[in-house]
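The values are calculated or read from the model by the stated rules, or taken from the named source; none is laboratory data. For clarity, every value in this text was computed on a predicted model and none was experimentally measured. Counting neighbours? That spans all protein chains shown, and the Cβs are built from the backbone with ideal geometry, glycine included. We work out accessible area using only protein heavy atoms, side chains counted, and drop any ligands, DNA or RNA first. Shrake-Rupley method; radii C 1.70, N 1.55, O 1.52, S 1.80 Å.
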Amino acid sequence: MPIQQMFLGHGPAAGGGGQDNTFFGARGIGGGGWSNTNTLQYIDIASTGNASDFGDMQQTTRARATASNGSRALFMGGRSASPGPDLNIEYITTSSSSGGTNFGDLTQIGTGGYSSGASNETYAYCFGGACCGNGTPAMEYVTILTTGNGTNFGSLAGSTFGAGSTNNSYRACLAGARGYNEPAYSKIQYFTMGTSGNASNGGDLTVARGYVAACMSVPSGRGVWMGGMRDPQGTVNTMDYVDLDTTNNATDFGDLSTMVNSVGNAGTQNAEGRGIVMGGENPGQIDNIQYIAVDTTSNSFDFGDMTISVSHVAATSGSPS
């Protein structure tokens, strides 16, 4: 989802909405993952315990971008084994457990997966990704409560994939990305939802790494990046944070109790400031769910287990009723 604020020019309105972030719900939902699966599963973010079955996605894939308006959640793109129909967008109703429904197709990102997502009450954004053997700077958006194909939004400041993204109601931010044949990135990029334009570079993470999970807190406006893979050291337990309304460098938050990488879109949150990260690799796929209180600085805590062991999970949140 999104982070820092800066108006990026004029163009087709692609968002807006209030600042209460009611589109962050109490139910956390994870979809897909490696090795490729169509499993959907859910938890009550405010509690602890094991995940329950939610139904199935239409696509059997991993590394999808996610977005939610609180009642409808989107899973966008992905990376199937073939590769296969990775331009697909599908949606779920977060209060049901009936699985995914076709929404439309991405038009800018390409078929490689590992894109990132953000949303407000009205619009969903998909950006970056592993396209045609390279990272891409492409960005596009859709209207969440309709169905249809994506529309061009602008360009990222760098061609990346596997970034962790988070947002408040108007600003989106991604960090912890990778690029083909390049080291992991420390740079934080941001853009303003509700405008049409390009992303800008902000500050830096404390540790350059890729495939990072991200979440945020509505009360404080803080975004946290969790885990990831650092070259050449491998998996890290690093967590760091920024105030989403600034362009500052990140500050150390604490450590993950279970070290994980391959969690690029596996972080989400509720509206009360609890963040989670689902699954990952350590070194193989794990079923562990971890949580943090975003408004504090501390190590993560064990939440429970997923229904299956997977990495590259696509996580989001929404209302259970």
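A few points about this structure:
- Number of the condition not met by Leu156 [criteria: (1) closer than 18 Å to Val212 by Cβ; (2) part of a loop (DSSP other than H, G, I, E, B)]: (2)
- Looking across Ala26, Ala14, Ala67, Ala73, one residue alone is surrounded by fewer than 21 Cβ atoms within 10 Å (Cβ to Cβ), hydrophobic (A, V, I, L, M, F, W, C) and either over 16 Å from the mean Cα position of the chain (by Cα) or at pLDDT 95 or above (or both). It is Ala26.
- Residue count for the range 136-156, restricted to those that are touching a strand residue (DSSP E or B) at 6+ places or on another chain (Cβ under 8 Å) and open to solvent by 20 Å² or more (accessible area, probe 1.4 Å): 10.
- Output for the range 54-64, where each listed residue is open to solvent by less than 10 Å² (accessible area, probe 1.4 Å) and either in contact (Cβ under 8 Å) with a residue 60 or more places away in the chain or of a type in the set (A, V, I, L, M) (or both): Met57, Ala63, Arg64
- Spans of strands (runs of 3 or more DSSP E) in the range 274-321 with at least 3 residues open to solvent by 50 Å² or more (accessible area, probe 1.4 Å) and either more than 14 Å from Thr258 (Cβ to Cβ) or not aliphatic (A, V, I, L, M) (or both): 301-305
- Scanning the range 112-127 for residues that are at pLDDT below 95 and over 28 Å from Ala81 (Cα atoms) gives Asn120, Glu121, Thr122.
- Screening the range 84-120 for residues that are out of contact with any Asp or Glu (no Cβ under 9 Å at 6 or more places or on another chain) and open to solvent by 50 Å² or more (accessible area, probe 1.4 Å) and picking the one that is nearest to Ala157 (Cα to Cα) gives Asp105.
- Of the criteria (1) at positive phi; (2) modelled with pLDDT under 95; (3) not aliphatic (A, V, I, L, M), which one Gly254 fails: (2)
- Flag if Ala208 is open to solvent by 10 Å² or more (accessible area, probe 1.4 Å), outside any strand (DSSP E or B) and free of Cβ contacts under 8 Å to residues at least 40 places away in the same chain: yes
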